[in-house]
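The values are calculated or read from the model by the stated rules, or taken from the named source; none is laboratory data. The shown structure was predicted, so the numbers you read here are calculated from the model rather than taken from an experiment. All Cβ positions, even for glycine, are placed from backbone atoms using ideal geometry, and neighbour counts span all protein chains on display.
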There are 2 protein chains.
Amino acid sequence: MTEMGGAVAALGAEIAVEAVDPAGAGSLHEEILGKLRRFLVEGSLPDGARIPERTLCESFGISRTPLREALKVLAAEGLVELLPNRGARVRSYTETDIRELFEVMGGLEALAGRLACENITDAEIAAVEKLHYEMYASYMRRDLPSYFKLNQLIHKAIVDAARNATLAVTYDNFATRLQRVRYNANRENHKDRWGEAMREHEQILDALQRRSGVELNDILYRHLMNKQAAALRYRHDHPAQAAD
Amino acid sequence: MTEMGGAVAALGAEIAVEAVDPAGAGSLHEEILGKLRRFLVEGSLPDGARIPERTLCESFGISRTPLREALKVLAAEGLVELLPNRGARVRSYTETDIRELFEVMGGLEALAGRLACENITDAEIAAVEKLHYEMYASYMRRDLPSYFKLNQLIHKAIVDAARNATLAVTYDNFATRLQRVRYNANRENHKDRWGEAMREHEQILDALQRRSGVELNDILYRHLMNKQAAALRYRHDHPAQAAD
DNA sequence: GGATGGCATTTTGCATTTATTTTTGGCTGG
DNA sequence: CCAGCCAAAAATAAATGCAAAATGCCATCC
């Protein structure tokens with residue numbers, strides 16, 4: 001397994017850098033958990049790569065116990081898979097997995113939209129409007145990174161307005177898994193759908209302003225389904241590093 | 001902490017019984033995980049009870065390492081909460097938590113219904129019909145346990161028909177958390193709503209037969225919201241062992 | 001008499017050690 | 001020369017041991 005030697009070395013470097021910032025909370029294993037999660041999301045390790053715990057322990061400068069605990073949690077979160085007596089692998093998402101993830105995200109966002117319409121304040125709607133127009137400006141400027149950032153903030157604002165912490169946590173969990181996928185599929189693929197997505201966001205804002213729960217529910221679900229279709233289309237056109 | 005001595009003793013007994021049945025998969029910590037989860041769901045430990053790991057280790061007859069790993073996973077699943085340097089407690093669901101759980105379940109079931117309408121086969125619809133009429137028979141017989149069992153099977157059938165394993169796993173996770181709540185709130189409270197629930201299930205079957213995704217989506221969500229209202233109403237009338 | 005500070009006990013968190021399983025390399029037999 | 005098997009090495013899983021943090025208790029001081 002030399003193919004990931006470089007990646008593990010990179011991991012070591014990453015840790016050296018992040019050791020400065022007091023990332024985690026109190027306990028060591030939570031700190032490790034956060035670092036590992038971030039590392040996996042950023043896609044620095046190829047899909048399906050084995051995660052030799054001994055090597056990682058040396059990189060992190062810790063013992064194997066807290067690392068194993070962190071891996072168990074990450075497995076429960078769906079970012080790694082644990083093969084009995086054979087260690088951990090980076091979970092490789094098949095096309096089916098990706099389809100399913102988008103569907104669940106669609107259901108969660110739809111729920112968030114419905115609840116948000118029941119609970120959102122005028123001030124929060126104004127804040128979303130602001131984000132929306134900033135995002136539109138980014139769209140006109142063809143500033144993709146800014147667009148993505150604002151896009152994320154809008155969706156997060158809707159989830160927050162749903163007043164449901166359990167939903168927010170679950171949403172974050174799935175968003176994290178999808179990020180792992182999205183980092184692989186380069187963001188370029190979004191350009192195909194950019195105009196369409198922008199129009200959908202107009203509808204999202206409109207439904208939110210009118211506090212129409214059922215409409216926002218439906219729009220957000222279809223919005224995610226369109227994202228899904230685009231992602232799968234991209235994957236078919238670029239089966240480069242696919243690991244199905 | 002003598003208040004839970006009896007409960008832990010009961011735990012020990014439980015394990016002795018279950019040690020016979022080959023519950024878990026291969027690895028020891030997964031076996032422990034399953035046992036602990038089942039034990040927590042059954043509500044044998046009071047809300048907020050401390051879980052001293054040393055005591056549990058003796059009960060299970062294992063070392064602390066696999067137990068700690070299992071506890072970390074259960075914390076990620078939301079069944080226990082880990083206080084840094086202060087061990088694990090049984091997570092006590094506040095009224096807000098319960099409200100949130102029902103909302104998320106509503107979103108997930110709604111999604112399942114929508115997807116099921118797109119994917120379900122005629123044979124599967126026939127199977128649901130069969131379950132439905134059996135459930136109706138149980139309703140007429142006032143056979144609550146049978147009714148509950150069939151009710152669960154119908155909802156499970158819809159989730160399975162959604163053809164989304166990720167959704168199914170997530171659904172199970174939340175269903176487990178709610179079971180922990182439901183075991184506390186005695187099932188008697190359902191009798192208030194029994195007729196109403198039965199009528200809702202007529203609509204569910206109808207929408208499924210017509211494969212009307214948007215309708216089933218909405219019906220299932222409202223179905224869960226009515227369950228939520230009933231559960232919270234019960235909780236208000238019976239604040240017995242409430243641990244808010 | 002009440003409150004505060006220090007000490008002892010208990011409990012958790014991490015590291016180290018031991019054992020079991022898997023894998024790989026080499027060897028032997030066909 | 002290839003296939004199957006055995007053995008050694010490596011990796012993982014579990015257990016134990018050690019150190020640090022927290023809680024409870026007691027004594028002393030105000």
**Study point:** Residue check for B:SER44: at pLDDT 50 or above, away from DNA strand C (no atom under 14 Å from the Cβ) and of a type in the set (Gly, Ala, Ser)
**Key:** yes
Point to revise | Whichever residue in segment A:53-76 is under 22 Å from A:ARG177 (Cα atoms) and not aliphatic (A, V, I, L, M) and, among such residues, is nearest to DNA strand C (Cβ to nearest atom) | key: A:GLU69
Check your understanding: Exactly one of (1) away from DNA strand D (no atom under 16 Å from the Cβ); (2) assigned by TED's automatic domain parsing to the domain that holds A:PRO46; (3) over 30 Å from B:PHE102 (Cβ atoms) is unmet by A:PRO145. Its number?
Key -> (2)
Practice item. Pairs only if they're at least six apart or on different chains, beta carbon under 6 angstrom, first in segment B:205-222 and in the same structural domain as B:GLY106 (by TED's automatic domain parsing), second surrounded by fewer than 23 Cβ atoms within 10 Å (Cβ to Cβ) and of a type in the set (D, E, K, R); list them, first residue then second. Key: B:ALA207/B:GLU215
Check your understanding: If only one of B:LEU111, B:LEU115 is over 16 Å from the mean Cα position of the chain (by Cα), hydrophobic (A, V, I, L, M, F, W, C) and under 16 Å from A:THR170 (Cα atoms), which one is it?
Key -> B:LEU111
Practice item. Could you please find all residues in segment A:56-74 being closer than 22 Å to A:ASP172 by Cα and within 10 Å of DNA strand D (Cβ to nearest atom)? Key: A:LEU71, A:LYS72
Exercise for review: Taking B:VAL159 as the residue in question, decide whether it is surrounded by 17 or more Cβ atoms within 10 Å (Cβ to Cβ), more than 15 Å from the chain's Cα centre (by Cα), of a type in the set (Val, Ile, Thr) and part of a helix (DSSP H, G or I).
Suggested key: no
Check your understanding: Among the residues of segment A:177-228, which ones are modelled with pLDDT of 95 or more and among the hydroxyl-bearing types (Ser, Thr, Tyr)?
Key -> A:SER212, A:TYR221
**Study point:** Of the criteria (1) away from DNA strand D (no atom under 16 Å from the Cβ); (2) away from chain B (no Cβ under 11 Å); (3) crowded, with 17+ Cβ neighbours inside 10 Å, which one A:PHE102 fails
**Key:** (2)
Review point. Is there a residue being of a type in the set (Asp, Glu), part of a helix (DSSP H, G or I), away from every other protein chain (no Cβ under 14 Å) and in contact (Cβ under 8 Å) with a residue 40 or more places away in the chain anywhere in segment B:122-140?
Key: yes
Exercise for review: State the number of residues belonging to segment B:74-97 that are part of a helix (DSSP H, G or I) and either more than 10 Å from every other protein chain (Cβ to nearest Cβ) or more than 28 Å from B:ALA157 (Cα to Cα) (or both).
Suggested key: 3
Exercise for review: Could you please find all residues in segment B:98-121 being outside any helix (DSSP H, G or I) and more than 21 Å from A:PHE102 (Cβ to Cβ)?
Suggested key: B:THR121
**Study point:** Counted residues, segment A:77-99 - those being buried (at least 21 other Cβ atoms within 10 Å of the Cβ) and within 16 Å of DNA strand C (Cβ to nearest atom)
**Key:** 1
Check your understanding: Which of the residues spanning segment B:76-99 are among the hydrophobic types (A, V, I, L, M, F, W, C) and more than 16 Å from DNA strand D (Cβ to nearest atom)?
Key -> B:ALA76, B:LEU79, B:VAL80, B:VAL90, B:ILE98
